[in-house]
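Below is one structure; the comments refer to it alone.
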Amino acid sequence: MTIQKMLADLVGWGFSQAAIAKTTGTTQPTIHRASKGAGIGYKTGKAIEAMHKEAEASKSVA
């Protein structure tokens, strides 16, 4: 799954770009650029992946 798809899922589940940025330790403009397909750092990508995995697990339990 791509970072773009993970970000689209997170936004679809009700997270704002600002909330994603705060949780992943980056800025909202970085999240915006990543959602449009721009490259991001490894650490940020892994943080987005972890947030997506956690949100997906929470969603399936609820």
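Please specify each residue of the stretch 17-29 satisfying the condition of being under 12 Å from G45 (Cα atoms) and outside any helix (DSSP H, G or I).
Result: G25, T26.
For the stretch 23-40, which positions are in contact (Cβ under 8 Å) with a residue 24 or more places away in the chain and surrounded by 11 or more Cβ atoms within 10 Å (Cβ to Cβ)?
Within the stretch 23-40, T23, T24, I31, A34, S35, I40 meet the criteria.
Of a type in the set (G, A, S), modelled with pLDDT of 95 or more and not in a helix (DSSP H, G or I): does that describe G14?
Yes; evaluated as a whole, the condition is true for this residue.
Has the stretch 41-53 got any residue that is out of contact with any strand residue (DSSP E or B) (no Cβ under 8 Å at 6 or more places or on another chain), among the hydroxyl-bearing types (S, T, Y) and surrounded by 12 or more Cβ atoms within 10 Å (Cβ to Cβ)?
yes
The values are calculated or read from the model by the stated rules, or taken from the named source; none is laboratory data. Worth saying up front: this structure is predicted, and the values here are computed from it rather than measured. FYI the Cβ positions are ideal-geometry reconstructions off the backbone, even for glycines, and counts take in every protein chain you see.
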